[in-house]
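Let me begin by presenting the structure, written as structure tokens, before commenting on it.
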Amino acid sequence: MSNQLGVLNALDAAKTQWYHFTAIVIAGMGFFTDAYDLFSISLITKLLGRIYYLEPLSEKPGTLPPRIAAAVNGVAFCGTLAGQLFFGWLGDKLGRKRVYGLTLMLMVICSIASGLSFGKSPQGVMATLCFFRFWLGFGIGGDYPLSATIMSEYANKKTRGAFIAAVFAMQGFGILTGGIVALIVSAAFDHAYKAHPYNVDKEHSTVPQADYIWRIILMFGAVPALLTYYWRMKMPETARYTALVARNAKQAAADMSKVLQVDLNAEQEKGDKIGTEQFGLFSKEFAKRHGLHLLGTTSTWFLLDIAFYSSNLFQKDIFSAIGWLPKPETMTATHEVYRVAKAQTLIALCGTVPGYWFTVAFIEHLGRFTIQLMGFFFMSVFMFAIAIPYQHWKTNNTGFLIMYSLTFFFANFGPNSTTFIVPAEIFPARLRSTCHGISAAAGKAGAIVGSFGFLYAAQSTHHDKVDRGYNTGMGVKHALLMLGAVNCLGMLFTLLVPETMGRSLEDITGENEEDNGHQQTFSVEKVPV
């Protein structure tokens, strides 16, 4: 394009190089940590109930009271939603790189602090845990818009979707690692500290040392974040932010010269006039150009996360309902953690991780729109296929595992990946991080609806089968039917999302036309060897 800035042309046309893979690892390790921190809580909620809410006269082990369970499961999502909005906006105001390290340090500190949650009473421990989980979520929230925006602005146009998908795919490894860490820690404690099942010895089925298990699992989340902090700080600011938002052509050329290993000679002519006639987020012009796009990205992410997080956070309840996990009273506390972790690790291996990497492999061949539509469709199909003959799966655990894994496979080879990718491509550079943050926050609103709502909705319709402290619900079968209907709505709203495959970011957003001829020109020369 004649209007395209030369330095951005160089980025779009760049061959895949080592710096692309470095950026994937640096940004991806943030998502590895995000997923580990968000989903590890589901591995330990049953243990928290046994430790802090034991009633010695009850026939069943202790469980978290409904409000506490909802808070422990959902408070990190509340923090994440706030962080996505705040850091998304800050990433456009201050630059992607300047904010990037702050989110990581917040995650490190709050992961450690979550594991150190102390108190004189169960309520005190839970309150402290929820406080630090909120701020952990706040840091995690910043990682969404910043990682997506940085990767989209670094990538070339032919492989941009695959690179952003690869960053997001690290979530799968984070979920898997959470299960593996819980398996190792619980197995070690189970071996070291012997105990009898609850129905044999109620008072001693939970050994005092079990209190360390959940703390170790939560604190391990600080390790991958610490490992990548140094490399995050060494990354240069993206050329698109420097040239199009900060309007510093010389700096953009200097930064990308080092990255691309080419000489980029910038002219600053009329540089100060770039972006002087640009519209804001709340303007009529934005609503006209991108209003439907923002509705599409927010609504599809919201609907996807209702189904995705409901299924992920409450796997343990679904496993119990179909009889895949033994009854709690027949296990010790440490063994129950082991069984829950084993079941979730199997699902991650069979469906979650492969789905992410199928997206990486096929997104530049099938396109974002097709993968998202297909994913929502098959998620609906498999959720209905589990829910309608629900009684059948109680006697066919292998079949259930296959069907349940396929819902996760098509979530990740589908809208869970594309809802993250598309908002990083279709909005102007000066609003890209903000709009991605708004889209991601809508997703977390869906996660909050899913995590709070499913907890109550999935309770049995029979009074004698509900968890202690809960009222009767609609049962797992009807809850899954509702989630299938939510996925059908996701298909409908996907029609608002444009295809972006193989196009320059500036062509997609129309930024080539916005500057009314006030461009900076760049020439590209190979660096002499």
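Read the figures in this text as sums done on the coordinates, not as results from a lab. On a predicted model such as this, the values are computed, not experimentally measured, just so you know. Here the Cβ is made from the backbone with ideal geometry for all residues, glycine too, and neighbour counts use every protein chain on show.
If only the Cβ of Lys and Arg carry +1 and only the Cβ of Asp and Glu carry -1, the dipole of the chain around its Cα centre is close to 620 debye.
Based on the Cβ-Cβ distance of residue 120 and residue 15, what FRET efficiency does E = 1/(1 + (r/R0)^6) give at R0 = 41 Å, to the nearest 0.05? Efficiency computed from Cβ-Cβ geometry: 0.10.
Each label point was placed 7 Å from the Cα along the Cα-to-Cβ direction; for residue 388 and residue 57 their separation is 4.8 nm.
Length available on full extension from residue 204 to residue 191: 0.36 nm per residue minus the Cα-Cα distance, which gives 3.1 nm.
Can you list the equivalent-ellipsoid semi-axes of the stretch 33-120, largest first and in whole Å, using the square root of 5 times each Cα gyration tensor eigenvalue? Before the final figure, lay out the partial values.
Working: eigenvalues 238, 32, 19 Å².
Square roots of five times the eigenvalues give 35, 13, 10 Å.
What the Cα atoms of the stretch 371-465 give is an Rg and a Dmax of 17.3, 56 Å.
With r defined as the distance between the Cβ atoms of residue 262 and residue 226 and R0 fixed at 30 Å, what FRET efficiency is calculated, to the nearest 0.05?
Details: r = 34 Å, r/R0 = 1.13.
Calculated transfer efficiency: 0.30.
Would you mind classifying the stretch 329-416 by shape? Square roots of the alpha carbon gyration tensor eigenvalues, ordered a ≥ b ≥ c; an a/c under 1.5 is rounded, otherwise it is prolate if a/b is larger than b/c and oblate if not. Oblate, because a/c is 1.5 or more while a/b does not exceed b/c. Couplings 3J(HN,Hα) for the stretch 13-29, derived from phi with the Karplus relation 6.51 cos²θ - 1.76 cosθ + 1.60 (θ = phi - 60°), are 8, 4, 6, 4, 10, 4, 5, 4, 5, 4, 5, 4, 5, 5, 6, x, 5 Hz, where x marks Gly and Pro. Over 24 Å apart at the Cα level, from the set 60/194; 15/288; 15/444; 194/327; 250/288; 158/258, are 15/288; 15/444; 250/288. The value of relative contact order for the chain, using C-alpha pairs under 8 Å at least six residues apart, is 25 percent.
Estimated at 0.36 nm per residue, the fully extended path between residue 254 and residue 464 surpasses their Cα-Cα distance by 68.7 nm.
Relative to the dominant Cα principal axis of the chain, helix 122-154 is inclined by about 30°.
Residue-wise HN-Hα couplings along the stretch 412-421, as the Karplus relation 6.51 cos²θ - 1.76 cosθ + 1.60 with θ = phi - 60° gives them from phi, are 7, 8, x, x, 5, 8, 6, 5, 7, 6 Hz; Gly and Pro carry x. Potential lengthening of the chain between residue 158 and residue 233 amounts to 24.3 nm, from the contour at 0.36 nm per residue minus the alpha-carbon distance. When the Cα positions of 20, 90, 74 are compared along the charge dipole of the stretch 1-91, 74 comes out farthest toward the positive end, with charges on each C-beta of Lys, Arg, Asp and Glu.
Residue by residue, the stretch 243-260 carries 3J(HN,Hα) couplings of 7, 8, 9, 6, 6, 10, 5, 5, 5, 4, 5, 5, 5, 6, 4, 5, 6, 8 Hz when phi is fed to the Karplus relation 6.51 cos²θ - 1.76 cosθ + 1.60 (θ = phi - 60°); x denotes Gly or Pro.
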